[in-house]
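Undergrad: Questions regarding the structure given below will be posed in turn.
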Amino acid sequence: MGPEDSEDPVAHYIQVLADKTGSLIATSARFGALMAGCDPATVERVTRYGEARRCRVPVGR
């Protein structure tokens, strides 16, 4: 589950953090929409928005 041999371990770690953050934001947005009684299309829209808001940290700059 770690970085590939040719992959920068720090870049891999940052990517894992970004993916986890995106999942957390997307799930929070989804549950918020569900609890608010939003229609299924809105629930999907806010879930996609949460996934898009994942952490983006430049590495190696």
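Undergrad: Mind listing just one residue for me: the one in the stretch 1-51 that is polar (S, T, N, Q) and modelled with pLDDT of 90 or more and, of those, surrounded by the most Cβ atoms within 10 Å (Cβ to Cβ)?
TA: Here the residue is Thr47.
Undergrad: Further, regarding this structure: Looking at Ala26, Ala36 in this structure, which one is touching a residue at least 12 places away in the same chain (Cβ under 8 Å) and out of contact with any Leu (no Cβ under 7 Å at 6 or more places or on another chain)?
TA: Numbers: Ala36 fails: touching a residue at least 12 places away in the same chain (Cβ under 8 Å).
Answer to the check: Ala26.
The values are calculated or read from the model by the stated rules, or taken from the named source; none is laboratory data. Keep in mind it's a predicted model, so treat the numbers as computed, not measured. Cβ sites come from the backbone with ideal geometry, for glycine too, and all protein chains shown count toward neighbours.
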